[in-house]
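Single-structure report; data block below.
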Amino acid sequence: MSELLTKIFCGGFVRLHVLYHAAREPIFGIEMMEELRRHGYDVGAGTLYPMLHQLADAGYLVVQTEVVGGKQRKYYRATPEGSRALDEAKAKLRELVKEVLHDDPPTPSIHRQEPTK
Ligand SMILES: [Zn+2]
């Protein structure tokens, strides 16, 4: 994906993807970066960690530090509020997919009718 495309669209996709996984099980940064790469998103630590912190600040994720192999590892999981936000985002996503990916027959123009002169 081009840098511009990533900047414009992918921040939201990545946040949603993170929230989805964190609602299923605790996740940690490196593992999540690998998961995102598997889906074609090249998201580095400099992008992912600020997103995780942002989602935590919003009350959607909680952080728990555990020691794994002598190193501290931060696990993130969705709060009940995060799960609710995910459900709302899913409904919006479903609606968007319905139009953008299944646009057959095409959605009528959004232009209002020309005023009659
Ligand atoms: Zn995934």
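Right, Arg84: over 12 Å from the mean Cα position of the chain (by Cα), at pLDDT 90 or above and either more than 16 Å from the ligand (Cβ to nearest atom) or not small (Gly, Ala, Ser) (or both) or not?
Yes.
From the set of residues in the stretch 92-115 that are among the hydrophobic types (A, V, I, L, M, F, W, C) and not in a helix (DSSP H, G or I), which is surrounded by the fewest Cβ atoms within 10 Å (Cβ to Cβ)?
If we take residues in the stretch 92-115 being among the hydrophobic types (A, V, I, L, M, F, W, C) and not in a helix (DSSP H, G or I), then Ile110 is surrounded by the fewest Cβ atoms within 10 Å (Cβ to Cβ).
If only one of Gly59, Gly70 is touching a Ser or Thr at 6+ places or on another chain (Cβ under 8 Å) and without any contact (Cβ under 8 Å) to a residue 40 or more places away in the chain, which one is it?
The unique qualifying residue is Gly59.
Report, ordered by the first and then the second residue, all pairs with beta carbons closer than 8 Å, sequence separation of six or more or different chains, a first member in the stretch 31-44 that is small (Gly, Ala, Ser), and a second member that is in a helix (DSSP H, G or I).
Pairs found: Gly44/Met33.
Within the stretch 30-62, count every residue that is small (Gly, Ala, Ser), away from the ligand (no atom under 14 Å from the Cβ) and modelled with pLDDT under 95.
3
Look at Ala89 and say whether it is in contact with a Leu (Cβ under 9 Å, 6 or more places away or on another chain) and either at pLDDT 95 or above or of a type in the set (D, E, K, R) (or both).
Yes.
The values are calculated or read from the model by the stated rules, or taken from the named source; none is laboratory data. Small disclaimer: the values here were computed from a predicted structure and weren't measured. Methodologically, a virtual Cβ is constructed for each residue, glycine included, from the backbone with ideal geometry; neighbour enumeration extends over all protein chains shown.
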